[in-house]
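Pasting a structure here, questions to come.
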Amino acid sequence: MGSTPAVPHRVAEGSARGDPYLGDYAALGRALLDAHARTGEPRYLARAEAVATTLLAHFCDRRSGALLDAPRESPVSRAFWPEQPLEDLAGASPTATAIGLLLDLGRRTGQGQYHQAAAGALRGAARAAADDPLAASGYYLALGEWLPKGNTI
C-alpha cells in the first residue's frame, strides 16, 4: 500500500474538492470489506484496514473516543463545533457505519485495536444517541452487536 488513502468528499472535473467526512471513509471501508467477503482477495482487506487507520487518525477524538463528522482541524469543526453524525437518514449514520466497519475489521483480522476503537466510539456517542434514540437506530444496532459478546462500553 505505502500511502495513506485520501477520500475526497467531492470529485468534479478530475480534482478532489471539499473537506473529507467520516461517512466517506466509513462507506469506502465498508465497500472494501464487502469486496473482501465476496472475493476473498487479501488486497481488499488490506485496503479496508488502511482506510480504517486513516479514518481513526482524522475523525476519532482522542479524549472521548467519539467519531466526529469532520476532522477537528477542518474549517467546519473550527467554525462551529465538532459533531457526531448519528442520525440515520437514507441508511445507517456515518457513525454507525464506521463502528460496523471497525467491528468487522476486528473480527476478520483479530486485531484488538479495532474493537477498542469501536468501544470508544460507542461510549463517545452514547449520550448523543440517548438524546434522540429513534434517529440513532443504526447506533443501537451496532451497540446490540457489541454487547451480547460480553463486551461493555
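Looking for whichever is more than 14 Å from ALA52 (Cα to Cα) and hydrophobic (A, V, I, L, M, F, W, C) here; the options are LEU141, LEU101, LEU105. Which one fits?
LEU141
Being in contact with a His (Cβ under 9 Å, 6 or more places away or on another chain) and either of a type in the set (A, V, I, L, M, F, W, C) or under 18 Å from HIS115 (Cα atoms) (or both) is the filter; apply it to the range 22-45 and report the residue that is surrounded by the fewest Cβ atoms within 10 Å (Cβ to Cβ).
LEU45
Can you name the residue in the range 47-98 that is hydroxyl-bearing (Ser, Thr, Tyr) and modelled with pLDDT of 65 or more and is also most open to solvent (accessible area, probe 1.4 Å) among such residues? Write out each step before concluding.
Of the residues in the range 47-98, the ones hydroxyl-bearing (Ser, Thr, Tyr) are 53-54, 64, 74, 77, 93, 95, 97.
Of the ones still in play, those that are also modelled with pLDDT of 65 or more are 53-54, 64, 93, 95, 97.
Working: THR53: 75, THR54: 7, SER64: 58, SER93: 1, THR95: 1, THR97: 33 Å².
It comes out as THR53.
Please find, within the range 120-152, the residue that is least open to solvent (accessible area, probe 1.4 Å) out of those that are part of a loop (DSSP other than H, G, I, E, B) and either over 16 Å from ALA98 (Cα atoms) or touching a residue at least 60 places away in the same chain (Cβ under 8 Å) (or both). Walk me through it before giving the result.
Of the range 120-152, the ones part of a loop (DSSP other than H, G, I, E, B) are 132-136, 150-152.
Add one more test, that the residue is either over 16 Å from ALA98 (Cα atoms) or touching a residue at least 60 places away in the same chain (Cβ under 8 Å) (or both), and what stays is 132-135, 150-152.
On the way: ASP132: 76, PRO133: 68, LEU134: 161, ALA135: 20, GLY150: 66, ASN151: 49, THR152: 108 Å².
My answer is ALA135.
The values are calculated or read from the model by the stated rules, or taken from the named source; none is laboratory data. These numbers come from a predicted model, not from an experiment. In this analysis, Cβ positions are derived from the backbone assuming ideal geometry, glycine residues included, and neighbour counts consider all displayed protein chains. These accessible areas exclude ligands, DNA and RNA; they are computed on the full protein's heavy atoms, side chains included. Shrake-Rupley method; radii C 1.70, N 1.55, O 1.52, S 1.80 Å.
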